[in-house]
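Report on the structure given below.
The values are calculated or read from the model by the stated rules, or taken from the named source; none is laboratory data. Model, not experiment: these values are computed from the prediction. Because the Cβ atoms are built from the backbone with ideal geometry, glycine has one as well, and the counts that use them run over all protein chains shown. To get the accessible areas, we keep the full protein, side chains included, count just its heavy atoms, and leave off ligands, DNA and RNA. Shrake-Rupley method; radii C 1.70, N 1.55, O 1.52, S 1.80 Å.
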Amino acid sequence: MEKISILIANYNNGEYFKECFTSLINQTYSNWEAIIVDDCSVDDSVNIIKKIIENDSRFLLFQNPENKGCGFTKRKCMEFATGVICAYLDPDDALYPEAIEKAIQGYTNNNIVATYSKMMLCDENLIPHKVFSKTKNIYNNKYFFNYPIQFAHFFTFRKCVYFKTTGINPTLKTAVDQDLYLKILELGQVKFIRKVLYKYRLHSNGISQQDTKEVAKESFASVIYATMKRRGIKKINKQLIPNTYKNPEDIFKLLDYQLHPVYRLIMKINLVLLQIFPKLYFKTNKSASE
């Protein structure tokens with residue numbers, strides 16, 4: 001039974017942590033640890049969390065000496081992880097009871113470096129509202145950038161694979177998870193678990209709600225541009241990649257072709273072929289992308 005590290009980067013979310021905690025102790029899978037790093041919260045988060053976890057040694061709490069931001073704190077979590085598999089869980093969210101068990105079961109062979117599943121959008125009280133409808137089974141090749149968004153939580157990954165990448169960018173404030181996804185997926189296959197395993201809480205204090213759409217959009221564009229450069233992509237859809245990143249709209253325009261029905265049909269066909277001929281995995285689809 002492989003150990004999984006659940007990584008929790010907290011900032012001012014102590015009031016919501018009880019449900020996160022409860023969802024973990026109610027897991028059907030028992031071999032896990034929870035690594036919590038508090039980013040110098042200015043509310044009573046640390047005291048609240050300490051009180052909740054005090055009788056469970058599976059929870060370890062660490063604190064940044066000063067506020068460093070989301071990217072830095074999530075990267076810090078990885079320094080303390082001892083599990084073979086890792087996954088991030090936001091302190092204001094929660095997991096369904098079988099989440100960890102189903103995720104672990106997804107690692108059916110060594111080529112699978114990550115798994116992801118469906119998530120439930122919930123209100124401020126974590127009452128389920130609707131399933132996030134954009135989650136899809138993806139065809140992961142050189143030109144996959146998760147644009148438009150096709151998957152998010154619950155994302156798990158092999159720790160050994162993470163350390164083959166440059167890791168989470170500590171300077172990022174937003175698009176931190178997207179950056180991680182794209183780095184991990186460059187090193188192997190990803191398994192889609194067709195079950196709702198994650199409860200995502202929508203509330204006014206959430207990071208994604210606080211940041212302006214423009215800031216989030218610019219961060220995502222910069223992550224995509226860095227990914228293009230890292231993968232050595234010179235042109236995409238017969239358009240040259242700019243030498244320097246200036247405008248987020250320039251990056252998204254390069255990917256507009258991925259919104260078209262024909263391209264999506266090609267990706268669906270590739271997924272079918274992948275199931276029949278697994279060795280086709282991660283081949284570059286030049287006719288659709290270059």
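Answer with yes or no whether residue 94 is within 30 Å of residue 233 (Cβ to Cβ) and open to solvent by less than 10 Å² (accessible area, probe 1.4 Å). Taking the combined requirement at face value, the residue does not satisfy it.
Matching residues to (1) in a helix (DSSP H, G or I); (2) more than 15 Å from the chain's Cα centre (by Cα); (3) surrounded by 15 or more Cβ atoms within 10 Å (Cβ to Cβ); (4) modelled with pLDDT under 95:
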{"position": "192", "(1), (2), (3), (4)": "no, no, yes, no"}
{"position": "199", "(1), (2), (3), (4)": "no, no, yes, no"}
{"position": "204", "(1), (2), (3), (4)": "no, yes, no, yes"}
{"position": "208", "(1), (2), (3), (4)": "yes, no, no, yes"}
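Cβ-Cβ contacts under 6 Å between residues 6 or more apart (or on different chains), taken from a first residue in the range 244-264 that is modelled with pLDDT under 90 to a second residue that is outside any helix (DSSP H, G or I), are listed as 257/237. Total residues in the range 111-136 satisfying the condition of being open to solvent by 10 Å² or more (accessible area, probe 1.4 Å), touching a Lys or Arg at 6+ places or on another chain (Cβ under 9 Å) and more than 20 Å from residue 267 (Cα to Cα): the figure is 10.
Of all the listed residues (87, 103), the sole one being assigned to a strand (DSSP E or B) and crowded, with 21+ Cβ neighbours inside 10 Å is 87.
It is to be established whether one or more residues within the range 52-73 are in a loop (DSSP other than H, G, I, E, B), closer than 28 Å to residue 134 by Cα and touching a residue at least 40 places away in the same chain (Cβ under 8 Å). Please lay out each step first, then the result.
In the first step, residues of the range 52-73 are kept if they are in a loop (DSSP other than H, G, I, E, B); the result is 54-58, 64-69.
Subsequent filtering for residues that are closer than 28 Å to residue 134 by Cα retains 69.
Add one more test, that the residue is touching a residue at least 40 places away in the same chain (Cβ under 8 Å), and what stays is 69.
The answer is yes, given that some residue of the range 52-73 is in a loop (DSSP other than H, G, I, E, B), closer than 28 Å to residue 134 by Cα and touching a residue at least 40 places away in the same chain (Cβ under 8 Å).
The single condition from (1) of a type in the set (Phe, Trp, Tyr); (2) out of contact with any His (no Cβ under 9 Å at 6 or more places or on another chain); (3) under 22 Å from residue 96 (Cβ atoms) that residue 200 fails is (2).
Residues of the range 33-59 being surrounded by 22 or more Cβ atoms within 10 Å (Cβ to Cβ) and out of contact with any Ser or Thr (no Cβ under 7 Å at 6 or more places or on another chain), which ones? Scanning the range 33-59 gives 36, 45, 49. Of all the criteria given as (1) open to solvent by less than 80 Å² (accessible area, probe 1.4 Å); (2) in a strand (DSSP E or B), the one not satisfied by residue 77 is (2).
Picking from residues in the range 137-185 that are surrounded by 19 or more Cβ atoms within 10 Å (Cβ to Cβ) and at positive phi, the one that is farthest from the chain's Cα centre (by Cα) is 146. Out of all the residues in the range 23-32, is one or more at pLDDT 95 or above, surrounded by fewer than 22 Cβ atoms within 10 Å (Cβ to Cβ) and part of a strand (DSSP E or B)? Yes: one or more hits.
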